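Worksheet: one structure, shown below.
The numbers here are math on the coordinates, done by the rules we state, and not lab data. The shown structure was predicted, so the numbers you read here are calculated from the model rather than taken from an experiment. Note that each Cβ is placed from the backbone with ideal geometry, even for glycine, and that neighbours are counted across all protein chains shown.
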Amino acid sequence: MRRPATLVITQSLVRFLVLFMLKGNIDQDNYDDSAHLLPQYDFIVVGSGSAGSAVASRLAEVREWKVLVLESGGPPPPESQIPGMNAFLMQSESDWNYFTVPQKHGLFNYNNNACAFPLGRVVGGSSTINWMMYVRGNSRDYDHWQALGNPGWDYHTVLRYFKKAEHYRGTRNKNTAEYHGRGGPLSVDDKRWGAPLLAGYLKAGQELGYSVIDANGPEQIGFSVADMTQVDGGRSSVAQSYLRPALDRGNLHIVSRAHVTQVLFDDDKRAVGVTFEHLGKVRKVLARREVIVSAGAIGSPHLLMVSGIGPAQHLTQHGIPVVVDLPGVGSNLQDHPSIFGLTWTVKPGSGVSLFNLVNPVHIRNYLNNRQGPLTSPMGVEGNAWSLAEVGDPFWPDLQYLFMSGTPALDDGLFITDIIGFRRDFFHRYFGPIKGQQGFNIGPMLTRPKSRGTVRLRSRNPRDPPLIDPNFLSHPDDVTTFIRGIKFSLAIGNTSALKIDHEAKFYDKVLPGCDKEVYGSDSYWACFTRHMAQTTFHPAGTCKMAPPSDPYGVVDHTLKLRGVSGVRVVDASIMPQIVSGNLNAPAIMIGERAADLIKQDWGISI
């Protein structure tokens, strides 16, 4: 699909504004060592995203090793440095601009019953374009990974790597200091600015009997202000925190705009290098030790399949010679679906305003002091996790994303195009509240039961893959969403929001659900199927599993089955998605993988 014209124009204007604001302070690094490319490296890392940058940087700590990072996208654009501009990075040149296939069980109010699937195509990957929330997930997620037959991935072990990666600058979570790292590459700080609604959200949680918590502390149930991957009011991407410092060592090269098209194998099924396209030329580079595939939960299975690793029948269908029949490649796709459109209006001054982004006072405050609304992603305020009703109550199946704005905040200029609503639906449903201040609570499934696939569109590595999250295909996901909607309504109905901020739920009947009894479970089920979509958290498509699992793709050391010299290092290895945002866990996977690789090659840890 093409980007809507209004979105393209808005993004261009924003870039012009940012270039004017930053003037001589723009990051000029183009991350391109192509002129110094060696014929062979010890390790080739495909992808510079959250996991790829972490593993590459750590491998380059070994001075005698040569490490190459190949990134399909370009350098970070200037607007990526300013957190408040993050919404304009989606469906931009820094995004793969992928879309799902039409969904059978949901997305009924979205264009073509499909949605955009934002993924960073830029140095730093999705850490360069994301909403910057630092959430690790629940301890039970990782203990479950180990219980599934993956030793060394229990919470006690991975916590060390979360702390190793982190340089915690925050002051809010003093009572849980032992759970945070100091001195790591990744800067994590308190959210620097919040709309007045943020305090109301936390107070609402307390009114419902929940505590204000450190979401990365010992327990996850409760309400929290979002920790942010930021430094001095700017974004802390892995490009800035991992790659740039590693460049000074001299043994790490990065080539941006280098699209890897194939992993090369010898007759013994050992990876010997990769081919990639750069500036219109096809080039080859060899790997002395390993090829590390870190292209993400969509890109990694795509690259493996066009390289001959995947379900044999599917590869043969596209005329690809089969190197290894590995049916799990591209299966087990998981995502956190969330509902957009549970909306409340509030009194003026409580929510965010687009004027904040262009207000000269706020711009000067940002440039001079790194303070104000531009220090935080637009509208992102906090999270909550409610007690689960089935199984361990402290292993939540729902997360609640609190946004201090509505889908109609901008009068329909560009937000609806980013979300992907059909224009006719948007005007019909949200028309009466265009431009009004308000908030949105998005219940998100943390442990969805629906599973999807990534499949090839063709054998051409440049063709986008077929992404089918199969949202809401499992009926339990809808049932859980109904519970999440009811909890969201309870939050909005607290005096902390209803009285203090004059919050009023926008109760217009949703188009498409007119025949259901308003407020009934069947109505909210219909609402879910019309309004839920991705939260941009794909995982699981190269599942880590023991040999007994026929759909396993990598072992617990992340080595690819059936071949040698290849590991997969990114969120695709998750056997089950974690109960929170994926940036922090992906970085942890990169950190853990680096130690596993070093140990295998005789480097003491």
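Numerical summary
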item: Whichever lysines have a C-alpha closer than 22 Å to that of residue 284, once near sequence neighbours (fewer than 8 apart) are set aside; result: 66, 269
item: Segment 288-338 versus segment 136-156: alpha-carbon centroid distance in Å; result: 24
item: For segment 95-143, radius of gyration divided by Kirkwood radius, i.e. Rg to Rh on alpha-carbons; result: 1.12
item: Per-residue Cβ neighbour rank within 10 angstrom, fewest leading, 134, 161; result: 161, 134
item: Relative contact order for segment 85-228, counting Cα pairs under 8 Å that sit 6 or more residues apart, in percent; result: 18
item: Inter-label distance for residue 458 and residue 502, nm, one decimal - labels placed 7 Å from Cα along Cα-to-Cβ; result: 5.7
item: Efficiency of FRET between residue 518 and residue 190 - r from beta-carbon atoms, R0 45 angstrom, step 0.05; result: 0.65
item: If the convex hull is drawn through the Cα atoms of segment 388-443, its volume per residue in Å³; result: 106
item: Sorted by Cβ neighbour density within 10 Å, fewest at the top, the residues 505, 276, 481; result: 505, 276, 481
item: Options [x] 3, 12, 16, 17, 16, 13, 9, 7, 4, 2, 1, 0, 0; [y] 3, 13, 19, 21, 14, 6, 4, 5, 5, 5, 4, 2, 0; [z] 3, 18, 29, 28, 16, 5, 1, 0 - which one matches P(r) over Cα pairs in 10 Å bins from 0, in percent as calculated here; result: [z]
item: Extended-chain gain in nm, criterion 0.36 nm per residue less alpha-carbon gap, residue 207 and residue 288; result: 23.2 nm
item: Residue-averaged 222 nm ellipticity for the chain, from DSSP H runs of 4+ at -39500 (n - 2.57), nearest 500; result: -7500 deg cm²/dmol
item: Segment 285-337: C-alpha gyration tensor shape, a/c 1.5 cut-off, then a/b vs b/c; result: oblate
item: Three-way shape label, segment 38-170, alpha-carbon gyration tensor, a/c 1.5; result: oblate
item: C-alpha center-to-center spacing [segment 553-604, segment 474-548] in angstrom; result: 33
item: Prolate/oblate/rounded call for segment 332-443, Cα gyration tensor, a/c under 1.5 rounded; result: oblate
item: Residues 72, 548, 139, 34 arranged by fewest to most Cβ contacts within 10 Å; result: 548, 34, 139, 72
item: Simple label model, 7 Å out from Cα along Cβ direction - residue 35 to residue 199, nm; result: 5.5
item: When each of 174/486; 164/543; 104/486; 104/347; 281/598; 191/486 is checked by Cα-Cα distance, pairs over 31 Å; result: 174/486; 104/347; 281/598
item: Segment 220-334, relative contact order in percent, only Cα pairs under 8 angstrom and at least six apart counted; result: 15
item: Computed over the chain: relative contact order in percent, which uses C-alpha pairs under 8 Å that are six or more apart; result: 22
item: Cysteines in the chain that, by Cβ-Cβ distance, have no pairing candidate under 4.7 Å; result: 115, 542
item: Dimensionless Rg over Rh [segment 470-605; C-alpha; Kirkwood]; result: 1.17
